[in-house]
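Trainee: Below is the structure I would like to discuss, written out as structure tokens.
The values are calculated or read from the model by the stated rules, or taken from the named source; none is laboratory data. Here the structure is a predicted model, which is why all the values come from computation and not from measurement. As a convention, Cβ positions derive from the backbone with ideal geometry for all residues, glycine included, and neighbour counts pool all protein chains shown.
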Amino acid sequence: MSKTEQRKVVLAILSNAGGSGKTTLATHLAYELARRKIGCRNCSVGLIDLDPQGSLSLFCGLEKPLTLEKSISPVLSDNFSGNWPFVPCWSDYKLKVEVCQSLQQPLLKTADDLVNHPRGLYLLADSLKDYPVEHDLVIIDCPATLGRLNLAALAASTHILIPIQLEPKSASGAAELLQFYFIECRRLRLDPYPQVMGIVPNQYRTDQAIHNEILAQMPTIIQQLQLKDAHCYPAIRFSYEFSNASGAGLPLHLYRKKHPACKDFVKLADDLSAIVGAK
Ligand SMILES: Nc1ncnc2c1ncn2[C@@H]1O[C@H](COP(=O)(O)OP(=O)(O)O)[C@@H](O)[C@H]1O
Ligand SMILES: [Mg+2]
């Protein structure tokens, strides 16, 4: 991919820890962006589930696809001919958010098969390039293991966000993930490297001393790694309502409209809007 070629905004939500809030972040950013305008129409968002666990379906209020053809797996194969298996979600709320779902066993097999394909790790990038989606923004929900599916996400993305839970191992975890990013972008010969937008601390409790300590370390980690234009974003507060909302298949904004945590996504959504060109 040459530097001058115009690419769609493809945001990968990456983390090497389970439960850090990848799917929460993917769905809430999809909602926030879909409310914003590009010209006189709403921004459209495509969510891609690259995690075999497939929790994006649950968070979006969707049943799992019945057949593998209706999942992400065919997109990562030679036979893909541009028939993206996107299904709408939250359409009752007049939002243009669509989801490309995953199915556990087929996606695990797909991940294995990437090894034997000469362009295995680039198949998602190739499909997005050869058969551009109509969405203004694509968000990829990645698995927690730093394996082939995450390498495929890295190769396909233009931007990266890293959610972290505020635990003692989070600072070292974030540093390891960023090392993975540098090493693998180089090995994949990505040009340019996807831009790291930053780290998003999640499940923040102001009354926990350890949370405040770890938050204070984040800017230094970003600085040490010399990540140009990367931020430590405002933390997303802890609330049980996040689990309740995802259990109901909705973002918090639709589940508890006035919940104060809805505001925690605003700075992130503003920055992402500026990248996508939405207002
Ligand atoms: N800020 C938060 N406060 C409380 N619970 C949260 C918060 N963010 C996420 N959760 C819950 O934590 C669990 C893990 O979040 P999830 O987004 O699925 O993480 P991941 O995709 O990284 O595994 C889910 O049950 C989710 O509802
Ligand atoms: Mg998840």
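Trainee: Could you tell me whether any residue of the range 78-94 is over 16 Å from residue 24 (Cα atoms), in contact (Cβ under 8 Å) with a residue 24 or more places away in the chain and either within 16 Å of ligand 2 (Cβ to nearest atom) or in contact with a Pro (Cβ under 7 Å, 6 or more places away or on another chain) (or both)?
Mentor: Yes, some residue in the range 78-94 is over 16 Å from residue 24 (Cα atoms), in contact (Cβ under 8 Å) with a residue 24 or more places away in the chain and either within 16 Å of ligand 2 (Cβ to nearest atom) or in contact with a Pro (Cβ under 7 Å, 6 or more places away or on another chain) (or both).
Trainee: Continuing with the same structure: Taking residue 190 as the residue in question, decide whether it is among the aliphatic types (A, V, I, L, M) and part of a helix (DSSP H, G or I).
Mentor: So residue 190 fails the test.
Trainee: Looking for something within 13 Å of ligand 1 (Cβ to nearest atom), loosely packed, with under 14 Cβ neighbours inside 10 Å, more than 30 Å from residue 64 (Cβ to Cβ) and within 21 Å of the chain's Cα centre (by Cα) - is there at least one such residue anywhere in the range 216-239?
Mentor: no
Trainee: Then there's this: Out of the range 46-85, which residues are hydroxyl-bearing (Ser, Thr, Tyr) and either modelled with pLDDT under 95 or surrounded by fewer than 19 Cβ atoms within 10 Å (Cβ to Cβ) (or both)?
Mentor: Residues satisfying the conditions are 55, 67, 77, 81.
Trainee: What number of residues in the range 137-174 are away from ligand 1 (no atom under 14 Å from the Cβ), assigned to a loop (DSSP other than H, G, I, E, B) and under 10 Å from the mean Cα position of the chain (by Cα)?
Mentor: Residues that pass the stated criteria total 1.
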